[in-house]
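Written out below as structure tokens is the structure these notes cover.
The values are calculated or read from the model by the stated rules, or taken from the named source; none is laboratory data. Computed from a predicted model, the values in this text were never measured in an experiment. With ideal geometry, Cβ positions are generated from the backbone for all residues, glycine too; neighbour counts draw on all protein chains shown. Note: areas computed on protein heavy atoms with side chains; ligands, DNA, RNA excluded. Shrake-Rupley method; radii C 1.70, N 1.55, O 1.52, S 1.80 Å.
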Amino acid sequence: MVAQRGTQDLLCQLKRQQLRTVDGTEEPFAKLGWRQLVPGKPLQQLRDTPYRTCAVVTSAGALLRSSLGKEIDSHDAVLRFNAAPTRGFEDHVGSKTTIRIINSQILADSYHFASSSLYKNITLLAWDPTSYSANLEKWYSKPDYDLFPAYVERRRSSPSQLFYILHPAFIWHLWDVLQNNIDEDIQPNPPSSGFIGIIVMLSLCEKVDIYEFIPSRRHTTLCHYYDYYHDMACTLGAYHPLLYEKLLVRRMTETSMDDLSNNGKAVLSGFSQITC
Ligand code: NCC
């Protein structure tokens, strides 16, 4: 796939926002001994060579009855979000999970993080919104949702599981790219897990297939494929600048409008495939 100029420029802006996780070298994490706590292998070096093809599976209700399960599972790596299950939905969303991105609510609230199989035997990436200025001392003492105790507990009990916390500066740099490419003032809230996940996978994969981020002809008010709640805000955004994220991804993909609408899949070239 050869990226065209506008597409390429956007991909390059995002490629420059290097993937970054809390690595224990900054305070307060350094004095808390996080250098030894975080995985020895940095997320940026998760792979010697990028995955050839990856799937980003949003949690959109439109995936229900999509019959995309087999296709999704055929990718080398599959990214899922938060508490989105596969059991009972295999025909439509597949069963393979390689990486799961979880927002801090999953670690702080009653999502059975410690006991649920959703969060075991896979790579985990957690994030918390914090404020734009990302002072780590302040963040540690007052995160939006306190993700730190559950993180420390899991790192100690399962040291071989690759589990990272995304650096707030990385999250907010993605927001900057969004704002810099949209004429209107967007809400000063962090991007959704979906957008963050897309950028993570562009860093790790040669090609990324994104399912139902840009709504297809199957679009529905059903919020998630796995529950019964209906709200169009789940697809278009309220707190997160989801609509703008989707407009940007639309500009980054060379998938035709017909294909987007019929298949619900946007195809993007990974960062390793573009020269900036
Ligand atoms: O709903 P959520 O997102 O877990 O969905 C994961 C990602 O899928 C994309 N999506 C989802 C539904 C839909 N109809 N269309 C979509 O495109 C989005 O890109 C979304 O990011 C989140 O981003 O972390 C979010 O998390 C939930 C919630 O915290 C978790 O599901 C845990 O329960 C948020 N909902 C609430 O706080 C009530 C949601 O706003 C964002």
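Data overview
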| read-out | value |
| --- | --- |
| Farthest toward positive dipole pole in the chain [+1 Lys/Arg, -1 Asp/Glu at C-beta], among Gln161, Leu125, Gly264 | Gln161 |
| Considering only the chain, percent of DSSP beta bridges that pair antiparallel, nearest 5 | 30 |
| Candidate residues Leu10, Leu247: accessible-area rank, largest first, probe 1.4 Å | Leu247, Leu10 |
| Length added when fully stretched, Arg47-Thr25, from 0.36 nm per residue minus Cα-Cα | 5.7 nm |
| FRET efficiency, Tyr239 to Asp176 (Cβ-Cβ, R0 22 Å, nearest 0.05) | 0.75 |
| Area of Asp144 that stays accessible when all protein chains are in place (1.4 Å probe, Å², to 10) | 80 |
| Centre separation in Å (Cα based) which lies between the stretch 53-104 and the stretch 205-253 | 14 |
| Within the stretch 129-250: Cβ-based charge dipole about Cα centre, in debye rounded to nearest 20 (Lys, Arg +1; Asp, Glu -1) | 360 |
| Table column - 3J(HN,Hα) (Hz), the stretch 45-56, Karplus curve with 6.51, -1.76, 1.60, x for Gly and Pro | 10, 3, 10, 6, 10, x, 4, 6, 9, 10, 10, 9 |
| Extension gain, Arg217 back to Arg156 (0.36 nm per residue minus Cα-Cα distance, nm) | 17.4 nm |
| Too-long pairs where the Cα-Cα distance tops 31 Å, listed order kept, from Lys31/Lys207; Lys96/Lys246; Lys138/Lys207; Lys120/Lys142; Lys41/Lys138; Lys31/Lys246 | Lys31/Lys207; Lys138/Lys207; Lys31/Lys246 |
| Net lengthening on full extension, Leu247/Glu71 (0.36 nm per residue, minus Cα-Cα) | 60.9 nm |
| Within the chain: Cβ-based charge dipole about Cα centre, in debye rounded to nearest 20 (Lys, Arg +1; Asp, Glu -1) | 680 |
| Translational diffusion coefficient (Stokes-Einstein; Kirkwood radius from C-alpha pairs) of the stretch 77-182 at 25 °C, 0.890 mPa s, in µm²/s | 164 |
| 5 angstrom amide H check on Leu162, placed H, neighbours 5+ away | Leu124 |
| Proximal aspartates and glutamates relative to Lys265, as straight alpha-carbon distance under 19 Å, when same-chain residues fewer than 8 apart are discounted | Glu71, Asp73, Asp76, Glu90, Asp91, Glu206, Asp209, Glu212, Glu245, Glu254 |
| Spin-label model distance (nm) - Asp146 vs Ser261, 7 Å beyond Cα toward Cβ | 5.1 |
| Solvent exposure, largest accessible area first (probe 1.4 Å, DNA, RNA and ligands not counted), of Lys246, Lys207, Lys142, Lys265 | Lys142, Lys207, Lys265, Lys246 |
| Nearest-ten-degree value, helix 193-204 long axis tilted from longest Cα axis of the chain | 90 |
| Rounded FRET efficiency, nearest 0.05, which uses the C-beta distance separating Asn121 from Leu37 and R0 of 22 Å | 0.65 |
| In Hz, Karplus ³J(HN,Hα) per residue of the stretch 266-273 (6.51, -1.76, 1.60; θ = phi - 60°; x = Gly, Pro) | 9, 9, 10, 7, x, 4, 5, 9 |
| Kirkwood Rh (inverse of mean 1/r, distinct Cα pairs), the chain, angstrom | 19.0 |
| Over the stretch 140-218: Rg over Rh, Cα atoms, Kirkwood Rh | 1.04 |
| The stretch 1-91 - charge dipole about Cα centre, Lys and Arg +1 at Cβ, Asp and Glu -1, debye rounded to 20 | 140 |
| Rounded to 10°, Cα long-axis angle of helix 5-15 versus longest principal axis of the chain | 20 |
